[in-house]
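Novice: Got a structure here, written out as structure tokens. Questions coming.
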Amino acid sequence: MDKPFAITLDVGTSRANKTGSWRTERAVYTNRMPPCNDACPAGENVQAWLYEAEEGGAGYERAWRKIMADNPFPAIMGRVCYHPCETACNRAQLDEAVGINSVERFVGDEAIRQGWTVSVEVPPTGKRVLVIGAGPSGLSAAYHLALRGHTVTIKEAGPMAGGMMRFGIPRYRLSRDVLDAEVQRILDLGVTLELDTKVGDLEAVRQDYDAVFLAVGAQLGRRAYIPAGEAAHVLDAVSMLRDLESGEKPLLGRRVAVYGGGNTAMDAARTAKRLGASEAIVVYRRTKDRMPAHESELREAEDEGVLFKWLSTIKQVDGGRLTVERMELDDTGFPRATGEVEELDADSLVLALGQDTDLSLLDGVPGLVVEDGVVAVGSDMMTGCPGVFAGGDMVPHERSVTVAVGHGKRAARHIDAWLSGAAPEPVARPALATFDTLNTWYYSDAPRAHRPVLDRARRESTFDEVVLGHDESTALMEARRCMSCGNCFGCDNCYGVCPDNAVIKLDDPGGKYLIDLDYCKGCGLCVAECPSGAIQMFPERI
Amino acid sequence: MAFQQIKLYQTGTFVAGNRLLDPEQRSVQARTGRSNSLTSGHRACRGCGEALGARYVLDAAMRATDGNLVAVNSTGCLEVFSTPYPESSWQLPWLHSLFGNGPAVAAGVAAALRAQGREDIRVVGQAGDGGTVDIGFGTLSGMFERNDDVLFVCYDNEGYMNTGVQRSGATPPAATTANTKALGGTPGNVFGQGKSVPLIAMAHEIPYVATATVAELRDLEYKVEKAMTFRGARYLHVFVPCPLGWGAASADTVKLARLAKETGLFPVFEAEAGTVTEVSKIRRQVPVEDYLRPQKRFAHLFGDQPRPDVVARLQARADRNIARFGLLPEGDE
Ligand SMILES: Cc1cc2nc3c(=O)[nH]c(=O)nc-3n(C[C@H](O)[C@H](O)[C@H](O)COP(=O)(O)OP(=O)(O)OC[C@H]3O[C@@H](n4cnc5c(N)ncnc54)[C@H](O)[C@@H]3O)c2cc1C
Ligand code: SF4
Ligand code: SF4
């Protein structure tokens, strides 16, 4: 009976009472698919790399490495990608989407500044893969194949690598220093690049390799039949941009008309302005809201003084003069001719009516199927000919650098599997982290930062980059606007709100948590109060 | 809000911690070394707001006093669910008093410590709203009036819950309880009764009075810490939703506390020596209906015979609080 004063009974801790037995549902940490990841054509784990970037400092390199696992061009993406990730971003429903693309650019530029590199960590497989075309799709495939230990040769028709990233997208949107740096990093992995090597007949070279990835893009500017007089000066946009990049300044005159409503039309008109045209006018047969050009490119063109003529088709070109017919949209949104014509002064006409693929190299390839001028592929990117894969602009899909990069990655995964005879490792696609799975109360009010742009005068006369990057502190703040949809970001809320202390916080800096099932009564408070929707309740089997 | 706002773009001080903050910048609840004054295995209902509130308050007080703390607990849910013989969930010196005399016992403990020259050991008295607002009210007023060196904490779940959900002086009008059924012309608890003990405490002009909810952890911890910087009688009134008594989902406890504040029904403020010094502004104002609908005790206002007139009277109560305490942010008033 040696109890302290006034104590007569033994006491025990209530921890002997395992209240977890009350539970009918249990809380489980899960990873939902953030909408940004889901939307990125290159399959980046956006939320995951933003999570690293949010830390600042050493986090930027980790962020960069996470991007590089999927996409070898962070700095290029941060300039030319149409960022469907931002369109999908949940934060848009709260205030404005996270500026993912601007953070990606900052991280990519930081990598170039700091000289971060990647290296091949696996032994050589001895397999030889031929990549045809050094555009984004071919380069992406080469990168991912090299990382898997394959010996990669790229045959490229042009004098330099980059494809449309170099010979299409003008310098004022993508600095060539950035392009060179990111391409060089791929070549440094030991990829062999053969320039000025146009493949004219795939069958002739195919047998030297274990697999082939075709990525020849769509190089041929589409021509429309327009009656033209003797003195008419008509050229196509892709050739014009290519010539300019190769050092030939096209002669356009003072007044330039551009025919078409896509991104290429915007670039042609903006380039014409920079080359000294006093007037660049885009002629398009539908209305502004039906233009295929991306909204930001349209805005930038407008800012630079490019003029637009909507609902118009060109009937006739003569020296210095265009005949234009006014159109009307019918109920289905299809433009119909009205018969009303007018004249427009123009020293030259640039056609930007889309591009076709030159498929002559594919003659005689057994099993390969061409539909609507592009090569049919399965979900594994393989053509009808076993061992021949294709991606980018030459296959049926939306055409963009990012899609091309994504195709290159997916093809590399399947080529790797095909070469080893194994099934490719499956890609997990958990349920989407929709806005209603978040508890947005917990996020700070944080307005989005937009990137600065070059002043108007320098945009009119130079090819300097128009959109500038964020400084470090702005990029960091922008990264921290991310709500980490569907994935734990270590906010400690679950650990805080459990009335039963049934959330265990592991004492590591990564800040991971566990549910102590001995005491979790299954109230669901952690689920309700998790800002990012990273916990879910699952019924117990009773 | 008076506590230090952290300008972290992501979550600021809304969440308990955040991996991006130094441990010192996180709430007490976010730290692995928190004392867990009320430990696991207690028999509170799932999602109990009171169990949560008690741990929040006492862990913060433990930290503020370096662990030199004694708690005196009136009878009530908190006592019943934490100490069924032979178990105790308390990880600090803890005394159980009667239902009505918690404040007097706490005052006595403080006097005894003073007599022993142990004024470094601080005393917290705690009770539910029954033990505070009704049954313990006389001894509480005495403790205030004598300015005894005790922080008294009321965990307000608006009724006598473990005895079967009866009405207390803190039950809001229109709420149904076991003895205020939804029958007749004025369904649920009547309007025009009940009292605000925070305001009564202020009338005693004691050094510090504050209200808080389990939805704003940072604010709650700040108030406990601040209370511990004063000597004399202090009063903290914490709003703690009760899933059982309110007929609410167990996962909604924090949400309901947040809505009580965001509607204006539960004003969150601080007062020193009888004068309000700070109020927590409403961040995203919502109508009272958003708060009432998830609770079965108000279901009769929205059923087959809805009572918009009663909802309007509750809204008027919220609006009165908003005007009286200035709860809307600058520019919105
Ligand atoms: C003016 C313009 C602006 C654009 N702007 C954007 C933008 O801002 N953002 C965006 O996402 N997308 C943009 N795009 C689209 C984007 O550039 C393309 O979708 C993308 O480059 C396609 O990549 P790819 O690898 O499939 O083909 P390409 O980039 O066209 O590369 C194909 C490569 O294959 C080579 N090649 C062709 N035939 C052979 C052969 N027989 N043998 C060897 N090599 C061959 C070519 O020389 C070329 O280098 C733009 C396109 C244009 C034209
Ligand atoms: S590549 Fe494009 S879509 Fe993918 S994350 Fe970057 S900006 Fe977004
Ligand atoms: S908030 Fe973050 S995780 Fe969520 S969609 Fe936007 S970028 Fe992705």
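The values are calculated or read from the model by the stated rules, or taken from the named source; none is laboratory data. Remember, predicted model here, so these are calculated numbers, not experimental data. Heads up, the Cβs are rebuilt from the backbone with ideal geometry, glycines too, and the neighbour counts pull from every protein chain shown. SASA here: full protein model, heavy atoms, side chains in, ligands and nucleic acids out. Shrake-Rupley method; radii C 1.70, N 1.55, O 1.52, S 1.80 Å.
Novice: Identify the residues of the range A:148-177 with backbone N under 12 Å of a label point that sits 7 angstrom from the Cα of A:Leu454 along the Cα-to-Cβ direction, or state none.
Specialist: Under cut-off, by backbone N: A:170-176.
Novice: With N denoting the number of residues in the range A:313-415, provide Rg(C-alpha) divided by 2.2 N^0.38 Å, to two decimal places.
Specialist: Working: Rg = 20.3 Å, N = 103, 2.2 N^0.38 = 12.8 Å.
My calculation over the Cα atoms of the range A:313-415 gives 1.59.
Novice: From the protein chains alone at 1.4 Å, what is the descending order of accessible area for A:His450, A:His150, B:His300, largest first? Numbers along the way, then the final one.
Specialist: Values: A:His450 115, A:His150 15, B:His300 40 Å².
Result of the area sort, largest leading: A:His450, B:His300, A:His150.
Novice: Over the whole of B:255-265, what's the average partner chain Cβ count within 10 Å per residue? Rounded to a whole number, please.
Specialist: Working: counts 5, 0, 0, 3, 0, 0, 0, 1, 0, 0, 0.
Going residue by residue through B:255-265 and averaging, the value is 1.
Novice: Evaluate the distance, in nm, between pseudo-label points positioned 7 Å from the Cα of B:Arg114 and of B:Glu24 along their respective Cα→Cβ axes.
Specialist: With each label placed 7 Å out from Cα toward Cβ, I get 3.5 nm.
Novice: Evaluate the distance, in nm, between pseudo-label points positioned 7 Å from the Cα of A:Ala231 and of A:Asp330 along their respective Cα→Cβ axes.
Specialist: 3.9 nm
Novice: Hand me the chymotrypsin sites (Phe, Trp or Tyr not before Pro) from the range A:1-90 located in a DSSP loop with no more than 15 other Cβ atoms within 10 Å, in residue order please. Mind showing how you got there, number by number?
Specialist: On the way: sites: A:Phe5, A:Trp22, A:Tyr29, A:Trp49, A:Tyr51, A:Tyr60, A:Trp64, A:Tyr82; in loops: A:Phe5, A:Tyr82.
In loop regions of the range A:1-90 (DSSP not H, G, I, E or B), the sparsely surrounded chymotrypsin sites (Phe, Trp or Tyr not before Pro) are A:Phe5.
Novice: Using DSSP to define loop residues, name the trypsin sites (Lys or Arg not before Pro) in the range A:184-284 whose beta-carbon has at most 16 other beta-carbon atoms within 10 Å.
Specialist: Details: sites: A:Arg185, A:Lys198, A:Arg206, A:Arg222, A:Arg223, A:Arg242, A:Arg254, A:Arg255, A:Arg270, A:Lys273, A:Arg274; in loops: A:Lys198, A:Arg222, A:Arg223, A:Arg254.
Passing sites in the range A:184-284 are A:Lys198, A:Arg222, A:Arg223, A:Arg254.
Novice: Let me ask something else about it. P(r) of the range A:224-352 in 5 Å steps, Cα pairs, percent per bin?
Specialist: In whole percents, the pair-distance histogram is 2, 12, 22, 23, 21, 13, 5, 2, 0, 0.
Novice: Something else: Cut-off under 20 Å on the C-alpha distance; same-chain residues fewer than 8 positions from A:Lys127 excluded. Which lysines are left, in chain and number order?
Specialist: A:Lys155, A:Lys409
Novice: Under 4 °C and 1.567 mPa s, how fast does the range A:103-174 diffuse according to Stokes-Einstein, given a Kirkwood radius computed over C-alpha pairs? Answer in µm²/s, whole number.
Specialist: Details: Rh = 14.0 Å.
Roughly 93 µm²/s, to the nearest whole number.
Novice: Provide B:Trp94, A:Trp441 ordered by accessible surface of protein heavy atoms (probe 1.4 Å), highest first. List each step's numbers first, then the result.
Specialist: Working: B:Trp94 55, A:Trp441 25 Å².
The residues order as B:Trp94, A:Trp441, largest area first.
Novice: Per residue of A:480-491, count partner chain C-beta atoms within 10 Å of its C-beta, then hand back the mean as an integer.
Specialist: Details: counts 6, 2, 2, 2, 2, 0, 0, 0, 1, 6, 7, 12.
Other-chain Cβ atoms within 10 Å of each residue's Cβ, averaged: 3.
Novice: What does the extension gain come out to for A:Ser360 and A:Ser420, with contour length at 0.36 nm per residue minus their alpha carbon separation?
Specialist: Numbers: separation 60, 0.36 × 60 = 21.60 nm, distance 3.04 nm.
Contour length minus Cα-Cα distance gives 18.6 nm.
Novice: Same structure, new question: Relative to the longest principal Cα axis of chain A, at what angle does helix A:100-114 sit, 0 to 90 degrees, rounded to 10?
Specialist: The two axes meet at around 90 degrees.
Novice: For the range B:21-163, what percent of Cα pairs sit more than 20 Å apart? Could the numbers behind the result be given before it?
Specialist: Numbers: 4728 of 10153 pairs.
Of all Cα-Cα pairs in the range B:21-163, 47 percent lie more than 20 Å apart.
Novice: When the helices in chain B are scored as -39500 (n - 2.57) per DSSP H run of 4 or longer and the sum is shared across all residues, what 222 nm value do you end up with, to the nearest 500 deg cm²/dmol?
Specialist: Working: 10 runs with 101 residues, N = 333.
Calculated at 222 nm, the ellipticity per residue is -9000 deg cm²/dmol.
Novice: Keeping all protein chains in position, work out how much accessible area A:Met477 exposes to a 1.4 Å probe, and write it in Å² to the nearest 10.
Specialist: For A:Met477, the solvent-accessible surface is approximately 80 Å².
Novice: Accessible area of A:Arg176, 1.4 Å probe, to the nearest 10 Å²?
Specialist: Number for this one is 20 Å².
Novice: Could you sort B:Trp246, A:Trp418 by their accessible area in this structure, using a 1.4 Å probe and putting the largest first? Walk me through the numbers before you get to the answer.
Specialist: Numbers: B:Trp246 0, A:Trp418 105 Å².
Of B:Trp246, A:Trp418, the descending order of accessible area is A:Trp418, B:Trp246.
Novice: Evaluate the Debye formula for the range A:1-155 with equal point scatterers sitting on the alpha carbons, no solvent, and hand back log10 of I(q)/I(0) at q = 0.12, 0.18, 0.19 Å⁻¹, in q order, two decimals.
Specialist: So the normalised log intensities are -0.66, -1.13, -1.20.
Novice: Between B:Ile200 and A:Lys18, what's the calculated FRET efficiency when r is the beta-carbon distance and R0 is 45 Å? Round to 0.05.
Specialist: Numbers: r = 42 Å, r/R0 = 0.93.
Once the sixth-power term is evaluated, E becomes 0.60.
Novice: Here is a further query. Per residue, how big is the convex hull around the C-alpha atoms of the range A:384-542? Give it to me in cubic angstrom, could you?
Specialist: Values: hull volume 40.4 nm³, N = 159.
Measuring per residue, one finds 254 Å³ for the Cα hull of the range A:384-542.
Novice: Could you give the alpha-carbon Rg of the range B:126-250 over 2.2 N^0.38 Å, rounded to two decimals?
Specialist: Working: Rg = 15.4 Å, N = 125, 2.2 N^0.38 = 13.8 Å.
For the range B:126-250, the normalised Cα radius of gyration is 1.11.
Novice: Carbon and sulfur atoms: what percent of the 1.4 Å accessible area of the range B:34-325 do they account for?
Specialist: Ligands and nucleic acids excluded, carbon and sulfur reach 52 percent.
Novice: With the convex hull built on the Cα atoms of the range B:34-325, state its orientation-averaged projected area in nm². Don't jump to the answer; show the numbers that get you there.
Specialist: Details: hull surface 56.7 nm².
Quarter of the Cα hull surface area: 14.2 nm².
Novice: Give, to the nearest whole percent, the P(r) tail of the range A:451-542 beyond 22 angstrom, counting all Cα pairs. Don't jump to the answer; show the numbers that get you there.
Specialist: Working: 2108 of 4186 pairs.
The share of Cα pairs beyond 22 Å in the range A:451-542 comes to 50 percent.
Novice: Going through the cross-link list A:Lys18/A:Lys66; A:Lys249/A:Lys309; A:Lys512/B:Lys296, which pairs have a Cα-Cα distance over 31 Å in this structure? Let's see the in-between values first.
Specialist: On the way: A:Lys18/A:Lys66 42 Å; A:Lys249/A:Lys309 26 Å; A:Lys512/B:Lys296 36 Å.
Cα-Cα > 31 Å for A:Lys18/A:Lys66; A:Lys512/B:Lys296; rest within.
Novice: Once the piece of chain linking A:Gln207 and A:Asp507 is laid out straight, how much longer is it, given 0.36 nm per residue of separation minus the C-alpha distance between them?
Specialist: Length difference between fully extended and current span is 102.3 nm.
Novice: Tell me the accessible surface of A:Lys249 in square angstrom (1.4 angstrom probe, heavy atoms of protein chains only), to the nearest ten.
Specialist: Using a 1.4 Å probe on the heavy atoms, I get roughly 140 Å².
Novice: Simple spin-label model, 7 Å along Cα-to-Cβ: A:Trp116 to A:Val341 in nm?
Specialist: 6.0 nm
Novice: How big is Rg to Rh over the protein assembly as shown, alpha-carbon atoms, Rh as the Kirkwood inverse-mean-distance radius?
Specialist: On the way: Rg = 35.0 Å, Rh = 31.7 Å.
Ratio of gyration radius to Kirkwood radius: 1.10.
Novice: Okay, next question. For chain A, what is the calculated [θ] at 222 nm in deg cm²/dmol (nearest 500), taking -39500 (n - 2.57) for each run of four or more DSSP H residues and dividing by its residue count? Kindly include the intermediate steps, with their values, before the conclusion.
Specialist: Numbers: 18 runs with 157 residues, N = 542.
Mean residue ellipticity, 222 nm, calculated: -8000 deg cm²/dmol.
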